[in-house]
Number of protein chains: 2
Amino acid sequence: MSTPSPKGHPSPERIYSLFNAFQQTAALQTGIELDVFTAIGSGANTPALLAAKTGASERGLRILCDYLTILELLAKEDGSYALTPDSASFLDRRSPACLAAVAGFLGADWHSQNIRSLTAAVRKGGTAGVHGDNTKPQDEVWVAFARSMAQLTAPAANFIAHMIGAPEGQPCTVLDIAACHGMYGITIAKRNPRAHIVAVDWPAVLTVAQENARNAGVAERYETRSGSAFETSLGGGYDFVLLTNIFHHFSQAMCQTLMWRVHAALKPEGKAVTLEFVPNEDRVTPPVAAAFSLNMLVGTEAGDAYTFSEYEQMFANTGFTNTTLHQVPQMPQRVLVSEKSS
Amino acid sequence: MSTPSPKGHPSPERIYSLFNAFQQTAALQTGIELDVFTAIGSGANTPALLAAKTGASERGLRILCDYLTILELLAKEDGSYALTPDSASFLDRRSPACLAAVAGFLGADWHSQNIRSLTAAVRKGGTAGVHGDNTKPQDEVWVAFARSMAQLTAPAANFIAHMIGAPEGQPCTVLDIAACHGMYGITIAKRNPRAHIVAVDWPAVLTVAQENARNAGVAERYETRSGSAFETSLGGGYDFVLLTNIFHHFSQAMCQTLMWRVHAALKPEGKAVTLEFVPNEDRVTPPVAAAFSLNMLVGTEAGDAYTFSEYEQMFANTGFTNTTLHQVPQMPQRVLVSEKSS
């Protein structure tokens, strides 16, 4: 639906499709809201069966499911619908990897309102909304984020736990900055019974992380420190500090202020582990990581999707060496590992 | 940005991208609003030069232009931007084919509000908005449409004029039902100096068509009849009746009611020429034509993107034969030509 025109043969179809791209988001949200993916996965695979199951109209469901088929979230054959591998894994509520809860954050009004003020944000060079200063708690945003986004973190959380050797079971202490739902630290604690986690975030957000730690059976090795990562006491002597999806909210100067605090909290040869959207140096590839920058324009004062060379420089400026870059499989994010210089 | 996962390797990236697809629409609209395409086409090809030209911030413009590059509406090399064939043709206001005015209709609030009530429309089986009954004038919608969309019609209008032999210059009378901006009939009148056009639409909309006919120099061969196509006197003895983008607003029963009136207005062996979004019989291909059905779900009581077999049946039921289907080059629409049976 958004195939570019072949070079030299411009077509208005592409422009027309982009004007309507917002319908793709709406169709996904409606599909989740009416739970048609779970219904189809459970065998209600025609408009008539779906209408009986969901209480919505047969005509509306036929048109919605045709549209979701165009988006390749469903397959259609002889008038019957089936889930695709993506929707079976991530949109059927019976799947352990279901992402339907993500709609609570990515579908939130404040998120779409930020985008609707894009023109004002481009004029100003930063958010035109009211949630842009992430040195403040912003509970409305971040508690919703913590409650909604945990499932989306599974691939990166497993990747990081493996990368820092959690399965080897060596004793270690891990500081999880801006822990949010806590799933990065909790995944390490689950893989390594001798890992001790210290999570930092705003008090209201930490209650979500603590709940997740209890549910994961690691609460006795899960400590919290509430407050701003820029101000609260972080403790010291950590083997690892996790910095997952935090730097993109801030200016490079603020990132370096934080990284100095991380440096002080690590033991000698300790490692900082950063999870981020890291576009290539051209800032336009790979597409999803590069596009993330737009979120930071509309949602923050001075945040960005920084490139690897920008991170390497920021980390070198704050006492780190040997920063390496690792792609998270199946996800648009990358992990940077940096060593504290002695 | 919306590549489906390879079969058997589901990835959350696809779902994540669809949640953010609405950003594509916003970025296109902001690009048009700040006129960055014209600015880049005129040589302001870096964030600094664009900031000087548009008055917007350098940071905001850099992030916006990177995003527009990801959408393939711009190209980027060594930090400089250039137009692509699509944006040079359709988004630079200096281009005669510029579609920027389309933003006035496709970007209108009532259009995005319709989509935001998609869930309610699926439940009900028809629009949850207030503009759904297209047997009423709905001036707010259709005058905006007439003023905004004329340029987008050029490929189809030229295709139809050629198809009915306008360049051959034979005397002919053409009834243009729901004429809107009038460009389909006006294009025929321009190509054939012996063609006489009768345009039907609501009075407020016809003032736009008359203005366009004057600007095209064909006003003396351009007659209007105001009112509902279902009720007003259409006249008779026409060689051709144009039905461009009208049937999709109505139920099949209403379409046939209209087609009986068309039958009565044509001379023997006269032809009805229909321009429509006609999906294949599977209703999910080709993507843009099939996706149009969602617009009709959220925007009308009972409209749809009908298939060729549905049109063929509706036209056969109302006294037409030999309905043929023709793809409009470079556009998602198709033309159906049907002969009045004698």
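Observations, loosely collected:
- Environment charge at B:A264 (Cβ cut-off 14 Å; Lys +1, Arg +1, Asp -1, Glu -1): +2
- All lysines inside 22 Å of A:K271 as judged from Cα atoms, apart from same-chain residues fewer than 8 positions distant: A:K190, A:K340
- Using Cβ point charges alone (K and R +1, D and E -1), the dipole size of the range A:126-240 about the Cα centre works out to roughly 300 debye.
- Built amide H within the under 5 Å cut-off of B:T224, gap 5+: B:A199
- The label point for A:E281 and the one for A:T324, both projected 7 Å from the Cα toward the Cβ, are 2.1 nm apart.
- Residue-by-residue Karplus 3J(HN,Hα) for the range A:213-226, coefficients 6.51, -1.76, 1.60, Hz, glycine and proline x: 5, 4, 4, 8, x, 10, 4, 6, 10, 10, 9, 10, 9, 9
- Prolate/oblate/rounded label for the range A:261-320 (Cα gyration tensor, a/c 1.5): prolate
- Environment charge of B:R123, counting only residues whose C-beta is closer than 15 Å and scoring Lys/Arg +1, Asp/Glu -1: +1
- Sorting B:T307, A:T135 from the fewest to the most surrounding beta carbons within 10 angstrom yields A:T135, B:T307.
- Exposure proxy ranking, count of Cβ atoms within 10 Å, fewest first, for B:C98, B:C180: B:C98, B:C180
- In degrees, nearest ten, helix A:287-299 long axis to first principal axis of chain A (Cα): 80 degrees
- Dipole of the range B:48-109 computed with +1 at Lys/Arg Cβ and -1 at Asp/Glu Cβ about the Cα centre; of B:L71, B:C98, B:S57, farthest Cα towards the positive end is B:S57.
- Sites B:A101 and A:E220, calculated FRET efficiency, Cβ-Cβ separation with R0 51 Å, nearest 0.05: 0.20
- Eligible aspartates and glutamates near B:K76 by straight Cα distance, threshold 15 Å, same-chain separation 8 or greater: A:E281, A:D282, B:D66, B:D86
- Excluding exposed DSSP-loop GluC sites (Glu not before Pro) (at most 15 other C-beta within 10 Å), longest clean stretch of chain B: B:1-230
- Most positive-pole-ward Cα, A:T187, A:G217, A:L275, against dipole of the range A:185-342 from beta carbon charges: A:G217
- Folded to 0 to 90 degrees: helix A:308-317 orientation relative to chain A principal axis, Cα: 20 degrees
- Rounded to the nearest 10 degrees, the angle from helix B:139-148 to the longest Cα principal axis of chain B is 70 degrees.
- Dipole moment magnitude, nearest 20 debye, the range A:45-164 about Cα centre, only Lys, Arg, Asp, Glu C-beta charged: 260 debye
- Chymotrypsin sites (Phe, Trp or Tyr not before Pro) within the range A:171-240, DSSP loop, no more than 15 other Cβ atoms inside 10 Å: A:F230
- Using only side-chain charges placed at the Cβ, +1 for Lys and Arg and -1 for Asp and Glu, the dipole size of chain B relative to its Cα centre rounds to 120 debye.
- Over the residues of chain A, the helix contribution to mean residue ellipticity at 222 nm works out to -12500 deg cm²/dmol, using -39500 (n - 2.57) for each DSSP H run of at least 4.
- For B:A264 and A:D109, the FRET efficiency from 1/(1 + (r/R0)^6), where r spans their Cβ atoms and R0 equals 60 Å, is about 0.70.
- Under 5 Å, built H, 5+ apart or other chain: amide partners of A:T300: A:T127
Values quoted throughout were computed directly from the atomic coordinates according to the rules given, and no laboratory measurement underlies them. Note that the structure is predicted; figures quoted are calculated from it, not measured. Positions of Cβ are generated from backbone atoms using ideal geometry, with glycine treated the same way; all protein chains shown enter the neighbour counts.
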